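**Student:** Mind having a look at this structure? Questions to follow.
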Amino acid sequence: MLSILTIVSILGVLPSNAVVAQIDDDPTDIGVTMLDDVGAGFVLTEESSDITGALTRTFEGPSGIVQIAGFSVTTPPAVARLFEATPPIDGVQFIDEPALALARWMVTDGASPGDGGVSVLNVASRDHIFTIALFLADGATGDGPAFVLDLARRQVEAAGVPEAGAEPARRSVDDDELLQFLPSQPPLGFGLGTDSLTMSGAEEFDQAGLADPEVVEFVVDRSKNVARVWIGEQLTLGIGVSQFPYDIFAASGLTAFDDMHQFALEPPAATMPADAVILRNEDAAQVTLVFRRGDILVTVHAGFTDPALGQAAASLAVDAANL
């Protein structure tokens with residue numbers, strides 16, 4: 001599974017569809033770096049994470065609700081690059097917050113931070129991207145944006161300040177050569193927006209069966225990767241294409257899906273591409289369609305907000321694979 005595809009999918013839908021997950025003591029782990037005390041009488045009432053590792057913490061108090069959602073970012077694509085690539089959302093605009101290196105308010109069109117008792121700030125640290133939101137209770141008073149901005153400062157301090165001017169290492173291949181294989185628009189009839197988020201760059205490689213780190217380095221350095229994501233209110237779509245230096249490595253990439261179960265399509269369903277399989281991880285609100293063509297591996301993720309939409313997501317994945 002493309003980690004770039006996973007990351008941009010998270011960025012598009014945070015926070016959503018959470019299940020309890022384990023947290024380790026790695027200092028880059030989102031569970032270690034995310035604030036667990038926001039003060040001002042708020043108490044942590046819920047902690048949840050989805051299969052991708054995105055974590056959400058909810059705090060409740062007499063003046064309302066605070067939510068912090070976040071995820072770790074690998075390099076590439078690197079925090080700054082991903083943060084600047086935030087996909088457009090219908091009816092929503094972003095307002096830069098100059099007090100922090102990488103921060104922007106998210107408001108409805110024509111509104112200001114704090115209007116209607118809602119203050120939402122996206123902020124990046126060295127290795128993470130967070131969304132911090134305050135929802136004031138009816139009748140509650142106070143400066144919501146100032147409170148959220150203070151939390152953001154504390155969160156960045158706890159997680160580490162983003163590195164200025166950090167750029168990914170130069171690649172020996174041109175990932176963008178694969179952009180021709182990505183559709184420019186999503187399938188019609190599924191409620192997806194026409195705006196998309198596209199990224200490319202080096203990928204982590206499933207090392208199953210590869211004991212030699214030099215071989216892994218060779219595969220990562222010589223593989224090309226691109227991904228594109230579309231977002232809707234109920235469904236999301238992500239398509240990833242990877243080209244490996246040899247067919248055998250593309251075949252090995254399929255092992256990343258060994259823990260998933262085959263998903264049964266209900267009629268009437270479109271015909272899947274030859275040799276494609278559609279899979280479901282029971283811990284994730286998404287289906288995955290994957291197939292290989294020689295040295296190229298194609299991955300299609302279709303996420304959903306309601307379990308009843310599983311078949312619709314599967315149909316979306318099939319239609320997207322046939323584009």
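The values are calculated or read from the model by the stated rules, or taken from the named source; none is laboratory data. Since this is a predicted model, take the numbers as computed values, not measurements. Using ideal geometry, Cβ is built from the backbone for each residue, glycine included, and neighbour counts are taken over all protein chains shown.
**Student:** Suppose the filter is under 26 Å from Ile30 (Cα atoms), in contact (Cβ under 8 Å) with a residue 40 or more places away in the chain and assigned to a loop (DSSP other than H, G, I, E, B); does Leu134 pass it?
**Tutor:** no
**Student:** Follow-up. Of all residues in the range 228-254 being aliphatic (A, V, I, L, M) and under 16 Å from the mean Cα position of the chain (by Cα), which is nearest to Leu178 (Cα to Cα)?
**Tutor:** Looking at the filtered set, the residue picked out is Ile239.
**Student:** Suppose we keep only residues that are at pLDDT below 75 and polar (S, T, N, Q) within the range 237-280. Which one would you say is nearest to Arg293 (Cα to Cα)?
**Tutor:** Once the filter is applied, the top-ranked residue is Ser252.
**Student:** Could you grab the pairs with beta carbons closer than 8 Å, sequence gap of 6+ or different chains, first residue in the range 147-158 and in contact (Cβ under 8 Å) with a residue 12 or more places away in the chain and surrounded by fewer than 16 Cβ atoms within 10 Å (Cβ to Cβ), second one in a helix (DSSP H, G or I) and of a type in the set (S, T, N, Q)?
**Tutor:** As it stands, the answer is Ala158/Thr33, since those pairs meet every condition given.
**Student:** Which residue is modelled with the highest pLDDT, if the candidates are limited to the range 43-74 and must be crowded, with 17+ Cβ neighbours inside 10 Å and not in a strand (DSSP E or B)?
**Tutor:** Top of the filtered list is Ser63.
**Student:** Could I ask something else about it? When only residues in the range 281-310 that are outside any loop (DSSP other than H, G, I, E, B) and more than 20 Å from Ala227 (Cα to Cα) count, which is modelled with the lowest pLDDT?
**Tutor:** Among those residues, the one meeting the criterion is Pro307.
**Student:** Out of the residues in the range 91-106 that are part of a loop (DSSP other than H, G, I, E, B) and in contact with a strand residue (DSSP E or B) (Cβ under 7 Å, 6 or more places away or on another chain), state the one that is farthest from Arg154 (Cα to Cα).
**Tutor:** Here the residue is Gly91.
**Student:** Could you list all residues from the range 190-201 that are over 15 Å from Ala321 (Cα atoms) and modelled with pLDDT of 85 or more? Don't jump to the end; show me each part of the working.
**Tutor:** Our first condition is that a residue be over 15 Å from Ala321 (Cα atoms); within the range 190-201, this holds for 191-201.
Result: Gly191, Leu192.
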